[in-house]
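Computed from the coordinates by the stated procedures, all read-outs in this text should not be read as laboratory data. Keep in mind that this is a model prediction, so the values were computed, not measured. FYI the Cβ positions are ideal-geometry reconstructions off the backbone, even for glycines, and counts take in every protein chain you see.
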Amino acid sequence: LSTKSEKDNYNKHKAIEYWEVDHLPEKEREEIRDIYRAKGFEGELLEQIVDVITANKDRWVDVMMKEELEMSEETKSPVAMGGVTFLSFLLFGFIPLLVYVIDYSAGLEINLFMWSSVMTGIVFCLIGYLKAVVTQTRVVRSIIETLLLGGMAAVLAYFVGDVLEKFFV
């Protein structure tokens, strides 16, 4: 849904830029001029840049999308991203349940809820670490953030489940 929404948002703004180029060309040329003037271009070179960019409507809109709106086209497939999210949910969501699966077959004499909670915390730390690697942010901050947000979501889910159990059982 997120990837599709990003694509839809990009396409909406791109259509607006095409409309503006068609209906307000001088205003859009001035915006191109302002963008490249801010980058240090001036005089005849600036005018050449504006002329080259605005000579091709697709190039013109592409530059406006990147430079003015700071948007780039989403190239990821929404279906592929949904599949990755689903598989991640299955993989990481199963780990806390692993304690109960092992207990079912081996009959463990341990506090299953506590160990499941520990496994959940470990999974949140792993997700936080992976998030930091992918986003190239600070590892400790990412782990703490993911642990806190995931922990709050887990506690809330536990209490919702507890209330629903009392309501239906």
In degrees rounded to 10, the 0-90 angle between helix 2-23 Cα long axis and the longest Cα principal axis of the chain is 10 degrees
Two-decimal Rg/Rh across the stretch 78-168, once Rg and the Kirkwood Rh are taken from alpha-carbon atoms
1.04
Scan the stretch 96-169 for trypsin sites (Lys or Arg not before Pro) in coil per DSSP, keeping those whose Cβ has at most 14 other Cβ atoms within 10 Å, and list them by number.
ARG138
GluC sites (Glu not before Pro) within the stretch 34-85: which are DSSP loop residues with at most 15 other Cβ atoms inside 10 Å?
GLU42, GLU70, GLU73
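Write down the Å³ per residue value for the convex hull defined by the alpha carbon atoms of the stretch 1-56.
So the per-residue Cα hull volume is 90 Å³.
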Size of charge dipole - the stretch 78-168 - debye, nearest 20, with Cβ of Lys, Arg +1 and Asp, Glu -1, no other charges:
400 debye
Using Cα-Cα distances under 8 Å and only pairs 6 or more residues apart, what relative contact order does the stretch 78-168 have, in percent?
19 percent
Would you list, by chain and number, the lysines whose Cα falls below 25 Å from the Cα of LYS27, excluding same-chain residues fewer than 8 positions away?
LYS12, LYS14, LYS39, LYS57, LYS66
What ratio of Cα Rg to 2.2 N^0.38 Å holds for the chain?
1.67
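Mind checking the stretch 24-97 for trypsin sites (Lys or Arg not before Pro) that DSSP puts in a loop (not H, G, I, E or B) and that have at most 15 other Cβ atoms within 10 Å?
Working: sites: LYS27, ARG29, ARG33, ARG37, LYS39, LYS57, ARG59, LYS66, LYS76; in loops: LYS39, LYS76.
Sparse-neighbourhood loop trypsin sites (Lys or Arg not before Pro): LYS39, LYS76.
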Calculated [θ] (222 nm, deg cm²/dmol) that DSSP helices of n ≥ 4 give over the chain, each run adding -39,500 (n - 2.57)
-26500 deg cm²/dmol
Within a Gaussian network of the chain (alpha carbon springs, distance under 10 Å), most fluctuating of SER105, SER88, SER77:
SER105
